Amino acid sequence: MRALAQLTLANTREFVRDRAALFWTFAFPLLFVLIFGLVFSRDSATQYEIGLVNEDASPQAGVLVDTLEAMDVFDLSGGNLADEIASLEDGDRRAVIAIPSGWGASIDSGSPMPVDIHYDETRQSSQQVVVPVILQAFEVVDRTLTRSQPVVRPAFQTLRSERLSTIDFIVPGIVAFSVMNAGVFGAVNIVSLRERRVLRRLQATPVSRLTLVSADLILRMVLVLAQSAILIVVARLVFDIRLNSDAGSLAGLAGVVVLGGLAFLAIGFFLGSFTKTEQGFFPVAQVVTFPMMFISGVFFPLEFMPDWLRPVINVLPLTHLAEATRQLMIGGATTIPMGVAVAAMAAYLVVFVALAVRLFRWE
Amino acid sequence: MSVIEVQDLRKTYGDVKAVDGVSFAVEVAEVFGMLGPNGAGKTTTVEILEGLRPRDSGAVGVLGMDPGRDAGNLKRKIGVQLQQVSLYPRLRVAEVIELFASFYGRAGVADHLLSLLGLEERRRAFVKDLSGGQQQRLSVALAMVNDPPIIFLDEPTTGMDPQARRSLWETIEQFKAEGRTVLLTTHYMEEAERLCDRVAVMDHGRIIATDSPEDLVRTHFAEDAIEFSQRNGLAEAEIESLPAVVNASIQGDRVSMFSDDVPASMAALLQLGQERGEPIQNLRLRRATLEDVFLKLTGRTLRD
């Protein structure tokens, strides 16, 4: 155990003291997110589109409508409820406020009817900005109408919009792509240790191969998790990407990231057993990872790919990792079911671990 | 008591007989040297003893264990320094020592080893910032983390300046004084003469001779060596035919001839030079060395 802890510590020190490794692991994927986010983010406007459905002709309803219209951050549009909800589902509205028929009369009778606020729960800004501003408007109306007790009772109706923005689609792809790179290129550590004859030197000590590999795995898995977490948190804070933030989805996401990371690390070990030097490893790893970045549905939906390429795309490990990551992060229909994606990554892991063990050389 | 025993050891890589029937035994608290040029089979022999390479045939025992069968237990008991290892560049010196100590379930050994190898001041330095000689000393320190009774040193002073080399020689003498056994490979003649109780001279995968450095020289050279430079007027056979000369060799413009009767040989040489108009320069008289033994036995110099 002491040996495992010390080896993990040694690998960690080697990593954090290597600025290039830090850049490629953390800053590079983040740059991708920032660049794509700035290009594709649709939330650049400072106004939020709000649907207002007013089915009540009372003066009280008039006050509420006037108050909402006076809020600069809202771009109001009216219509019937069905159309506005459809627009919300399409992502063209941030929220829909529905004043029911007879609302003014219900206030007069002393038991006010609720006012529905429909919003998209997958958008952080809806919960953190749009809804609070609406509630603020409601308080203004309360004071205008009664000065005593609240009469505008909000009722929250949440839904999940189907339409995804480009950045919603791309961030899970970048997470998957970064896991692939961290995995495949992470294997360079073993290649480098072998090239510098450190593996030979370690072979002359009682430390076991299992301990050696475990120490490497621990660091690599911590890195892919940290990398994914940073990417997702930054994308969420800066670009308000859609994210299923329930514990189940997040745990599943962590599991998929680790599974994908292990599978790609095994692929990296396999590639590393054919290259003698660190310099020789990089081009080989590039040849394997670079094409996948473009055809595995990282940046473009798989539907955009030509049919003749689909059989190839469907077996690539990055396709499965990207689809699984996207499904867990933003939900919705995908072309590959979750079970298939997980099974495919597990298969890659088993096959390439077996090959890597078989081809392993100390020198 | 022998702590290392090797009988008819053989190892072939493809067509190359790297080790071709090597036998020797190393006694406890002995410094045993393997002397030979690169490619002589020293490293292969040592790495088989360390349990790092399988052998083709022959019997090998280290501390009574067979490195081919019991490498796991053997590795706990031996200290190993290998050639051309470049350790973790971004670890500090003391961190590397503690890392290796952990493989043996030990801790807190860095201070002692750093002072033993004269690296106290480099304790917090990154490995990549060490000089070549300091890196060599660190790799010797790593061979000591488990306080082993046997230490294998594979060309430990390569790349060291003369001062660092002498300081490591003192450390190795201290190992011996502590009762440790040292198996050392080298292609430095002075190193073998200074440190080794016995030397095995190796070439082309075979041991040509095994003895103490003094006895090796005495057996092969009862004579003293006369060295001189010439332009190229005198041939080897001509020099060997001079009175009392038993053996001569020419390396470039430098000639070594071994004589039973130095005054007679030297007088004849000077006369021959004068007759032929060949200036005899940088004339020097010295004792024969291991280098001469090696040259006589193999026809090559150690650094070929």
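For the reader, a short list of remarks on this structure follows.
- Some residue of segment A:139-152 being more than 17 Å from A:Val65 (Cβ to Cβ) and at pLDDT 80 or above: no
- A:Ala82 vs. criteria free of Cβ contacts under 8 Å to residues at least 24 places away in the same chain and either assigned by TED's automatic domain parsing to the domain that holds A:Leu223 or assigned to a loop (DSSP other than H, G, I, E, B) (or both): no
- Any chance B:Arg69 is within 23 Å of A:Trp362 (Cβ to Cβ), surrounded by fewer than 22 Cβ atoms within 10 Å (Cβ to Cβ), out of contact with any strand residue (DSSP E or B) (no Cβ under 9 Å at 6 or more places or on another chain) and more than 14 Å from chain A (Cβ to nearest Cβ): yes
- Subset of segment A:187-204 (residues that are away from chain B (no Cβ under 13 Å) and surrounded by fewer than 22 Cβ atoms within 10 Å (Cβ to Cβ)): A:Val188
- Boolean, B:Phe175 is in the same structural domain as B:Gly273 (by TED's automatic domain parsing) and crowded, with 18+ Cβ neighbours inside 10 Å: no
- Looking only at segment A:1-13, and only at residues there that are free of Cβ contacts under 8 Å to residues at least 24 places away in the same chain, of a type outside the set (S, T, N, Q) and within 7 Å of another protein chain (Cβ to nearest Cβ), the one that is nearest to B:Leu99 (Cα to Cα): A:Arg2
- Unique residue being in contact with a Lys or Arg (Cβ under 9 Å, 6 or more places away or on another chain) and among the acidic types (Asp, Glu) when the list is B:Glu227, B:Glu236: B:Glu227
- Boolean, B:Gly79 is within 26 Å of B:Thr157 (Cα to Cα), at pLDDT 95 or above, more than 14 Å from chain A (Cβ to nearest Cβ) and assigned to a strand (DSSP E or B): no
- Matching residues in segment A:317-337 - criterion: being over 14 Å from A:Val179 (Cβ atoms) and either without any contact (Cβ under 8 Å) to a residue 60 or more places away in the chain or not assigned by TED's automatic domain parsing to the domain that holds A:Leu262 (or both): A:Gln327, A:Ala333, A:Thr334, A:Thr335, A:Ile336, A:Pro337
- For the residues A:Val133, A:Val191, A:Val141, A:Val175, the requirement of being among the β-branched types (Val, Ile, Thr), under 21 Å from the mean Cα position of the chain (by Cα) and in a helix (DSSP H, G or I) singles out A:Val175.
- Selected residue (criterion: nearest to the other protein chains (Cβ to nearest Cβ)) from residues of segment B:86-138 that are assigned to a helix (DSSP H, G or I) and either of a type in the set (Gly, Ala, Ser) or in contact (Cβ under 8 Å) with a residue 60 or more places away in the chain (or both): B:Ser102
- Selection count where residues are surrounded by fewer than 20 Cβ atoms within 10 Å (Cβ to Cβ), of a type in the set (Gly, Ala, Ser) and either assigned to a helix (DSSP H, G or I) or within 14 Å of chain A (Cβ to nearest Cβ) (or both), scope segment B:139-171: 2
- Restricting A:Met292, A:Met329 to those that are in contact with a Leu (Cβ under 6 Å, 6 or more places away or on another chain), in a helix (DSSP H, G or I) and over 16 Å from A:Phe264 (Cα atoms) reduces the list to A:Met329.
- Among the candidates A:Leu302, A:Leu271, A:Leu321, residue that is at pLDDT 90 or above and either within 14 Å of chain B (Cβ to nearest Cβ) or within 22 Å of A:Leu231 (Cβ to Cβ) (or both): A:Leu321
Table: residues versus (1) farther than 16 Å from B:Ile78 by Cβ; (2) modelled with pLDDT of 95 or more.
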| residue | (1), (2) |
| --- | --- |
| B:Phe103 | no, yes |
| B:Phe126 | yes, yes |
| B:Pro149 | no, yes |
| B:Thr157 | yes, no |
| B:Arg165 | yes, no |
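- Condition met for A:Phe290 (among the aromatic types (Phe, Trp, Tyr) and closer than 21 Å to A:Ala27 by Cα): yes
- The residues on offer are A:Val140, A:Val184, A:Val171, A:Val207, and the sole one that is closer than 30 Å to A:Ser111 by Cα and either touching a residue at least 40 places away in the same chain (Cβ under 8 Å) or more than 14 Å from chain B (Cβ to nearest Cβ) (or both) is A:Val140.
- Selection within segment B:250-268 - modelled with pLDDT of 85 or more, more than 16 Å from B:Ala222 (Cα to Cα) and touching a strand residue (DSSP E or B) at 6+ places or on another chain (Cβ under 7 Å): B:Arg254, B:Val255, B:Met266
- So A:Phe300, is it free of Cβ contacts under 8 Å to residues at least 40 places away in the same chain and in the same structural domain as A:Val171 (by TED's automatic domain parsing): yes
- Positions within segment A:342-363 being farther than 19 Å from A:Val288 by Cβ, assigned to a helix (DSSP H, G or I) and in contact (Cβ under 8 Å) with a residue 60 or more places away in the chain, in sequence order: A:Val342, A:Ala346
The values are calculated or read from the model by the stated rules, or taken from the named source; none is laboratory data. For clarity, every value in this text was computed on a predicted model and none was experimentally measured. Don't worry about glycine lacking a Cβ; one is built from the backbone with ideal geometry, like all the others, and counts go over all protein chains shown.
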